[in-house]
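**Q** Starting off with a structure, shown below.
The values are calculated or read from the model by the stated rules, or taken from the named source; none is laboratory data. Predicted model, so just to flag it, every value in this text is computed and none were measured. Backbone-built Cβ (ideal geometry, glycine too); neighbour counts: all protein chains shown. Only protein heavy atoms, including side chains, enter the accessible area calculation; ligands, DNA and RNA are left aside. Shrake-Rupley method; radii C 1.70, N 1.55, O 1.52, S 1.80 Å.
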Amino acid sequence: MGQLRFTKDHEWVLVEGNTATVGITTYAQGQLGDIVFVEVPAAGKDLKAGSEAAVVESVKAASDVYAPITGAVTEGNALLPDAPETVNTDPQGAGWFFKMTIANPAEVEALMDQAAYDKYLAEIG
Amino acid sequence: MTKPTTTSGNIGLQIEQALIFELNTSGSTAVDLPAAPKVRTRLGNLKNDKPIGLPGLSEPEVVRHYTRLSQKNYSIDTGFYPLGSCTMKHNPRLNEKMARLPGLADIHPFQPESTAQGAYELIDTLAHWLKTLTGMPAVAMSPAAGAHGELCGLMCIRAAHEANGQGARKTILVPESAHGTNPATAALCGYQVESVPATADGHVDVAALKAKLGPTVAAVMITNPNTCGLFETECIAIADAVHAAGAYFYMDGANFNALVGRVRIADLGVDAMHINLHKTFSTPHGGGGPGAGPTVLSKALADYAPVPFVVHDGKKFMVEEHAGFGAAAKSYGRMKGFQGQFGVFVRALSYILAMGADGLRQASGDAVLNANYLRARLSAELTPAFKGICMHEVVFDDEWLKGTGVTTLDVAKALIDEGFHPMTMYFPLVVHGALLMEPTETESKSTLDQFIASLLALARKAKQGDQAEWFKGAPYLAPRRRLDETRAARKPILRWQPVEAAAPVAKQAAE
Amino acid sequence: MRYLPLSDDNRRDMLAAIGVNTVDDLFADIPAAAKAKAKFDLPNSASEIEVERTLSALAAKNLNASQAPSFLGAGNYRHHTPASLDYIIQRGEFLTAYTPYQPEISQGTLQAIYEFQTQVALITGMEVANASMYDGATACAEAAAMACRVTKRTKVLVSGGVHPNYRDVTATSLKFMDLSAECLSPDPMGVEDLLGRVGSDIACVIVQTPGFFGHLNDFSALADAVHAAGALLVVCVPEPVSLGLLKSPGAMGADIVVGDGQSIATPTMFGGPGVGLFATREKYLRQMPGRIAGETVDEDGRRGWVLTLSTREQHIRREKATSNICTNSGLIALAFSVHMTLLGEVGFRKLAELNHAHAGLLADGLEQIKGVKILPSAFFNEFAVQVPKPAAEIVEALAKRNILGGIPVSRFYPTYPELQNILLLTATEMNTAGDIAALVGALKEVLQ
């Protein structure tokens, strides 16, 4: 099991070796409601921390998913375009959005850990 | 509560109706055309001999089909639409009758000017009313709807800035409470949007707006009265600050119906404003359109107006159809085919002439009176989002629903069973769980009283605390219960397909 | 005032319930200085009889096509309106309904939109269609912008055979989006070389069938070239009656088809409102502008329709929306759909055949006049003719003889002297053999 981190935009980042897997949190999918469409980036796309990386839509809302860190996409989750509901049923597992390289490990360090994220959720409550 | 079951699936006058494609009798048609004269075919090699796949129905079947469909619709002819910001007022049938006069319906946009003087005069007469009611010197008549009018105004603004060497201005300030069309329009006009917060009392935060003004701001777009149903009392101060900063003031005229005959837009410092003829001036919404969005312009912007526009040379009317020539020398171009939404112009003028200056002033008075009456009476159970008098619409938040498990959406759907169209929900975004209601001037006091009684009863029911489940199931009595929008969006079915062709869509179309 | 139900007693009671004395008190938030200037030199209310007189007087100043043989087209066509069509669209439940955002009480409009989308997809040969745009010209501009989004390119190429209003609206719209449209010179002879201009920098090529000057072209080879360059082919169809007889743009390889349904939906109405048709391939669905209705079920499992894929639209996506369109052309789309349903496959084809036959009759007549040359070798119901005098003069002279005898191309292209002697003529099922004989006879006189 790698290291799990979170952003204030309710994305999770699982770091395993040189690769980060990115998705949206259980809280985020709950806020969006039934997810009907997901667009994931293609492998090879270069992302800067904070740039738009993916799109997630429910019936009445559309949100951008931002790159939590800088790096290059190595894989988009091919399951999601055909089965977007996976983001609702297993947001922090099979509902991952994309995997990417880690250009700057310090960016990962700056993200929240589980305890900090739980505290953040309680604050915005 | 469940509906009674019948073999046909019909329930009394609510009759189920298949798709026209499912009613097909091959070879049937409801139109008998005369025989074609025998002449040589001159289609080159472009003639299509393959079937298109259109269904064939007889005339009685077609008439019954659409009559049944119509009976599944709510409409302003049926009942009350308290839809905030949408201005669902009575659509006089006189307008329809006038639009069908052969001299106004059976004329062509490119027939010689000498044979269409009445049409140009009609456009000019409507333009005169709109200019006089707003005090503005010019109006671009061709925009097709409100959002199109917004685009017209911003295009004029951008053209003016570029002509004045101010092309570096790339930002439009838009309040958080704005209609979604405002930021979408700004983006289409090549502008970045910067959001301006609202104050707790529902107005534009003037201090925050002033702080954002500067050499990169092209314009501000403000809806007035705003989407909280409040007049922007600082409007003139905002206009002065905007002009002092070298920017223009675009006013979204969606709510102009509250101001007609009461104040002239020009006296508020406005540079451009669109007018929704299908809201303020009673032309029908038609289940989504068409509308028209004539856009009044200040002197600073008038020269940049789009073609076509009507001019009068002292003897006759003429139309300027080409940007870059004559009176249109500085025009930014064209945004609509032909001569604009002429059929909508006819209807709007028919209404305006019927109402007259006195009737239009009375209409805005009654609209604001009706909205305040709703506010006063509904406040017995609901929580108004803002204190005090409102203009033509009133917004409540969902504070009164706290702890009931019932949402704004549930209340709205329960209203359907009471025979009313829901109010606008969850808009403006700055009000939590907003219920935005606009009664318009064409509703009687007895209709409002009936609506108030229904809504207050629903509110008391919601507050019982154990009714959430009942509310979630509403409506129970409409032609359909709540529809599965998630399913519609996840696996879109956007057209009928013959059963044997089924999915994927691509296959059939490619054949 | 007959449209205002409140009585003075009502107003008094309501003001009391609100707790103010006068209606004017409700306008207290408007600055007094601004209100004081609100004086209007405009007439007061008028009876129904008076309004009818005023508007009838304006109508009487126009020469309408029921009074004079009319051969006008150029994107706005006069066809027959079946009696039941106008009856259906005047039913209050259609005419006075709002946009169907509350599907439980809008199934009539929604089902009609779904049927409309299917009809548009079928006749254009495309996979999906939206619920309508304002008109053909704005639909064309939306198609150009969509092609730029899909290809992430910034320039479109517009054929000289595309309607000049469509060209102008597209060029204007793109300019403000910081994109560009290269509009080729008007092409009355139908000789322009588009294939040679397709490069990898363009987002789309925009062509028209039947062409503005009447030419019929098979765009299949162009489609192949455009696709090879990674671009899209946009085909405009300002006269959709032609699709009853001609190979569809979809069959030629079009990626987006736009058009104006006016010709099937409404009287000419001085050019508006029309209804923009917009159809495309399913793979581009999420880049398509405008509303879309889709099928689903309600809580009781019964089939129904809703507006769907709304996250593309302005009320959700705001500045990132595919378009700012909100109000569209709903009622005109309904009129289009009702007429198409009345016609059916058989009627649609017959209507198209009748149009082509009448245009053939007109062509036969014109070909007997010395100095008059029909430019397209193949056409549908409209064609450009070369005449020996400035066409604008001819049209004025014909109008004096009570004939609306075509449109001078110079009205659209005043800066092209070489187009001065070109006249655009249309014949539909509404033009009788007598009308055609009258035009041919009058034209002979005028040219003498």
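**Q** Enter the angle in degrees (range 0 to 90, nearest 10) between the Cα long axis of helix C:107-124 and the first principal axis of the Cα atoms of chain C, meaning the one along which they spread out most.
**A** Compared with the principal axis, the helix lies near 10 degrees.
**Q** Anything losing 50 Å² or more of accessible area from the isolated chain to the full protein assembly: pick those residues out of the range B:245-289, probe 1.4 Å, ligands and DNA/RNA ignored.
**A** Flagged in the range B:245-289: B:Arg262, B:Arg264, B:Asp267, B:Gly286, B:Gly287, B:Gly288.
**Q** Another question, then. Could you state the angle between the C-alpha long axis of helix C:8-18 and the longest principal axis of the C-alpha atoms of chain C, as a value from 0 to 90 degrees rounded to the nearest 10?
**A** It works out to around 70 degrees.
**Q** In addition: Who wins for biggest fluctuation among C:Gly250, C:Gly211, C:Gly271 in a Gaussian network model of chain C, springs between alpha carbons below 10 Å?
**A** Top of the fluctuation ranking is C:Gly271.
**Q** Could I ask something else about it? Using a cut-off of under 18 Å, list every residue of the range C:281-295 whose amide N is near the label point 7 Å from the Cα of B:Lys491 along the Cα-to-beta-carbon line.
**A** Under cut-off, by backbone N: C:294-295.
**Q** So which residue, out of C:Ile316, C:Ile88, C:Ile18, gets the largest mean-square fluctuation from a GNM of chain C using Cα contacts under 10 Å as springs?
**A** C:Ile18
**Q** Here is a further query. How many angstrom lie between the C-alpha centres of the range B:303-317 and the range B:10-46?
**A** Using only Cα atoms to place each centre, the spacing works out to 44 Å.
**Q** I'd like to know which of B:Ile11, B:Gly165, B:Gly289 lies farthest towards the positive end of the charge dipole of chain B, counting +1 on Cβ of Lys and Arg and -1 on Cβ of Asp and Glu.
**A** B:Ile11
**Q** Follow-up question, since we're still on this one. List, in the order given, every pair from B:Lys210/C:Lys320; B:Lys89/B:Lys315; A:Lys60/B:Lys279; A:Lys60/B:Lys210; B:Lys445/C:Lys35 whose Cα-Cα distance in the structure shown is over 30 Å. Display every interim value, and only then the final one.
**A** Working: B:Lys210/C:Lys320 26 Å; B:Lys89/B:Lys315 39 Å; A:Lys60/B:Lys279 25 Å; A:Lys60/B:Lys210 33 Å; B:Lys445/C:Lys35 28 Å.
From B:Lys210/C:Lys320; B:Lys89/B:Lys315; A:Lys60/B:Lys279; A:Lys60/B:Lys210; B:Lys445/C:Lys35, over 30 Å: B:Lys89/B:Lys315; A:Lys60/B:Lys210.
**Q** Roughly how much accessible area, to the nearest 100 Å², goes out of reach of solvent when A and B pair up, both sides summed, probe 1.4 Å? Before the final figure, lay out the partial values.
**A** Numbers: alone 6360 and 25620 Å², together 31440 Å².
Roughly 500 Å² of accessible surface disappears when A and B pair.
**Q** Moving on. How much of the accessible area of the range C:58-215, probe 1.4 Å, is carbon plus sulfur, in whole percent? Please report the intermediate quantities before stating the final value.
**A** Working: 2000 of 3890 Å².
The C+S portion of the solvent-accessible surface of the range C:58-215 is 51 percent.
**Q** Where the centre of each part is set by its Cα atoms, how far does the range B:93-128 sit from the range C:55-115, in angstrom?
**A** 15 Å
**Q** For chain C, modelled as a GNM with alpha-carbon contacts under 10 angstrom, which of C:Ala83, C:Ala228, C:Ala139 fluctuates the most?
**A** C:Ala83
**Q** Among DSSP bridges having both ends in chain C, what percentage is antiparallel? Round to the nearest 5.
**A** On the way: 22 of 40 bridges.
DSSP beta bridges in chain C are roughly 55 percent antiparallel.
**Q** While we're on this one: In the range C:46-77, which residues become less accessible by 30 Å² or more once every protein chain is in place, relative to the chain on its own, using a 1.4 Å probe?
**A** Residues passing the criterion (a loss of at least 30 Å², heavy atoms only) are C:Val51, C:Glu52, C:Leu55, C:Leu58, C:Ala59, C:Lys61, C:Asn62, C:Leu63, C:Asn64, C:Leu72, C:Asn76.
**Q** Follow-up question, since we're still on this one. What trypsin sites (Lys or Arg not before Pro) in the range B:362-425 are in a loop by DSSP, with at most 16 other Cβ atoms within 10 Å of the Cβ? Could the numbers behind the result be given before it?
**A** Working: sites: B:Arg375, B:Arg377, B:Lys387, B:Lys402, B:Lys413; in loops: B:Lys387, B:Lys402.
Sites meeting the loop and neighbour criteria: B:Lys387, B:Lys402.
**Q** With a 1.4 Å probe on protein heavy atoms only, work out how much accessible surface B and C bury together, total over both chains, in Å² to the nearest 100. Don't jump to the answer; show the numbers that get you there.
**A** Working: alone 25620 and 22870 Å², together 31070 Å².
Approximately 17400 Å², summed over both chains.
**Q** For the range A:19-125, which chymotrypsin sites (Phe, Trp or Tyr not before Pro) are in a loop by DSSP, counting at most 11 other Cβ atoms within 10 Å? Intermediate results must be reported in sequence, preceding the final value.
**A** Values: sites: A:Tyr27, A:Phe37, A:Tyr66, A:Trp96, A:Phe97, A:Phe98, A:Tyr117, A:Tyr120; in loops: A:Trp96, A:Phe97.
The qualifying sites: there are none.
**Q** Over all residues in B:14-25, what is the mean tally of Cβ atoms on other chains that come within 10 Å of each residue's Cβ? Mind showing how you got there, number by number?
**A** Details: counts 1, 0, 3, 3, 2, 7, 10, 6, 0, 1, 2, 1.
Whole-number average of other-chain Cβ neighbours for B:14-25 is 3.
**Q** Of all trypsin sites (Lys or Arg not before Pro) in the range C:379-447, which ones are in loop regions per DSSP and have a Cβ with at most 16 other Cβ atoms within 10 Å? Each step should come with its number before you reach the end.
**A** On the way: sites: C:Lys400, C:Arg401, C:Arg411, C:Lys444; in loops: C:Arg401.
Listed in order of number, the matching sites are C:Arg401.
**Q** Under 25 Å from the Cα of C:Lys444, which lysines turn up, not counting those fewer than eight places away in the same chain?
**A** Partners within reach: B:Lys38, C:Lys370, C:Lys373, C:Lys389, C:Lys400.
**Q** Hey, can you find the accessible area per residue of the range C:83-339 for me, probe 1.4 Å, expressed in square angstrom?
**A** Working: 5780 Å² over 257 residues.
That works out to 22 Å² per residue.
**Q** Counting only heavy atoms of protein chains, what accessible area per residue, in Å², does the range B:95-350 have with a probe of 1.4 Å?
**A** Numbers: 6140 Å² over 256 residues.
In whole numbers, the range B:95-350 has 24 Å² accessible per residue.
**Q** Contact order normalised by length for chain C, with contacts defined as Cα pairs under 8 Å and 6 or more residues apart; what percent is it? It would help to have the intermediate numbers written out before the result.
**A** Details: 823 pairs, mean separation 86.5, N = 448.
Averaging sequence separation for qualifying contacts and normalising by length gives 19 percent for chain C.
**Q** While we're looking at this one, here's another question. Ignoring ligands, DNA and RNA, please state the percent of accessible area on chain B from carbon and sulfur, probe 1.4 Å.
**A** Numbers: 8940 of 16780 Å².
For chain B, the apolar C and S fraction of the accessible surface comes to 53 percent.
**Q** Restricting to the protein assembly as shown, what percent of DSSP beta bridges are antiparallel, rounded to 5?
**A** On the way: 76 of 110 bridges.
In the protein assembly as shown, DSSP labels about 70 percent of beta bridges as antiparallel.
**Q** Given a 1.4 angstrom probe, I'd like the percentage of the accessible area of the range A:1-74 that is carbon and sulfur, rounded to a whole number. The partial results should precede the final answer.
**A** On the way: 1520 of 3160 Å².
Carbon and sulfur atoms account for 48 percent of the accessible area of the range A:1-74.
**Q** Something else: Quote the charge dipole size of chain C about the Cα centre in Debye, to the nearest 20; the model charges only the Cβ of Lys and Arg (+1) and of Asp and Glu (-1). Numbers along the way, then the final one.
**A** Values: 37 positive and 47 negative charges, 146 e Å.
It comes to approximately 700 debye.
**Q** Using DSSP, restrict attention to beta bridges with both residues in chain B and report what percent are antiparallel, rounded to the nearest 5.
**A** 55 percent
**Q** When the dipole is taken about the Cα centre of the range A:3-105, and only Lys, Arg (+1) and Asp, Glu (-1) are charged at their Cβ, what size is it in debye, to the nearest 20?
**A** Working: 6 positive and 13 negative charges, 66 e Å.
Dipole of the range A:3-105, to the nearest 20 debye: 320 debye.
**Q** If you don't mind, there's one more thing I want to ask. Enumerate the lysines that C:Lys37 could reach by cross-link, defined here as Cα to Cα under 21 Å, with residues fewer than 8 away along the same chain left out.
**A** B:Lys131, B:Lys299
**Q** Does any residue of the range B:394-432 lose at least 30 Å² of accessible area with all protein chains in place compared with its chain alone, and if so which ones (probe 1.4 Å)?
**A** B:Lys413, B:Ile416, B:His421
**Q** Follow-up question, since we're still on this one. So, for the range B:364-488, what is the accessible surface per residue at a probe of 1.4 Å, expressed in square angstrom? Could you put the intermediate results ahead of the total?
**A** On the way: 4110 Å² over 125 residues.
So the range B:364-488 comes to 33 Å² accessible per residue, rounded to a whole number.
**Q** Follow-up. Based on the Cβ-Cβ distance of B:Glu16 and B:Lys402, what FRET efficiency does E = 1/(1 + (r/R0)^6) give at R0 = 25 Å, to the nearest 0.05? Spell out each step's value before the answer.
**A** Working: r = 40 Å, r/R0 = 1.61.
Using R0 = 25 Å, I get an efficiency of 0.05.
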